[in-house]
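Engineer: Got a structure for you, questions after.
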Amino acid sequence: MPLAPARPSGLVDHAIDQLRQSITSGEWPVGTRIPTEPNLATALGVGRNTVREAVRALAHSGILEVRRGDGTYVRATSEISGALNRLCGSKLREVLQVRRCLEVEAARLAAAARTDDDIAELRDLLARRDGVHGDVDRAEFSRADAELHVAVVRASHNAVLIELYRGLTEAVTDSVAITSTMDPHVGHTALIEAIAAGDAERAGREAGHFLDDFIGELAAQDISDR
């Protein structure tokens, strides 16, 4: 998607908005090196100082990472995700603990608030997730599993919880990729059926059960996601 020309005022804010749009739209995925400063200045129609300030602001929020002598890379898709990356670092157990806090309550809320469309989507995503062989295509399995977890949170219809969890998308996908090597056969059928049945207590238990197992195993082995 081409970058729009800058307005006469608020050049830095405009540049920040345009850079953020390129990231959130998927044009620049996480891990991508963004265009060079001169190229960005030309595309945005602003000076290099403006680009530098915009990049500095996004790096401060954790969305971009400036690597001296190498370039600037996309680190996260939102300020929330950037903050979580700084807090959690590479500690898998910490990511799983945060996921548990959010996903258990999301499952409970989803059991009470889900619609017929939510249930249909959850079952479709569950079938897609279970149709991917995690032993063969771990990346695809991780994406499918993460999409299912996001859909459970979305079914809670709690806007604040949904936005908070959205910032965890990269961390969730990464944690799924790692835990799938620990046990690639964890199922989520009971969780989805508890939500469909409107059983909040059972949904909460199912959401926390497999995460508790992973957290406990990590505590026992004292390992990280590396």
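Engineer: D for the range 11-75, whole µm²/s, Stokes-Einstein with Kirkwood Rh over alpha-carbon pairs at 20 °C and 1.002 mPa s: what number?
Structural biologist: 187 µm²/s
Engineer: Using unit Cβ charges (K, R positive; D, E negative) and no other charged atoms, how large, in debye to the nearest 20, is the dipole of the range 11-75 about its Cα centre?
Structural biologist: Approximately 200 debye in magnitude.
Engineer: For the pair A219 and E140, how long in nm is the line joining their label points, each one 7 Å along Cα→Cβ?
Structural biologist: 3.7 nm
Engineer: Return the distance in nm (one decimal) between the two label points of a simple spin-label model at T32 and D212, each offset 7 Å from Cα along Cα→Cβ.
Structural biologist: 4.1 nm
Engineer: Where does helix 92-113 land angle-wise versus the long Cα axis of the chain, in degrees 0 to 90, nearest 10?
Structural biologist: Between the helix axis and the principal axis of the chain, the angle is about 70 degrees.
Engineer: Right, next: Nearest 10 degrees, 0 to 90: what angle lies between the long axis of helix 169-182 and the longest principal axis of the chain (Cα atoms)?
Structural biologist: 50 degrees
Engineer: Compute the angle between helix 11-24 and the longest alpha-carbon principal axis of the chain, please, reported from 0 to 90 degrees and rounded to the nearest 10.
Structural biologist: That works out to roughly 40 degrees.
Engineer: What is the chain's relative contact order, in percent, from Cα pairs under 8 angstrom and six or more apart in sequence?
Structural biologist: 21 percent
Readers should treat all values here as calculations from the given coordinates under stated rules, not as data from a laboratory. Quick caveat, the model's predicted, so the values are computed rather than measured. Glycine gets a Cβ as well: all are built from the backbone with ideal geometry, and neighbour counts include every protein chain shown.
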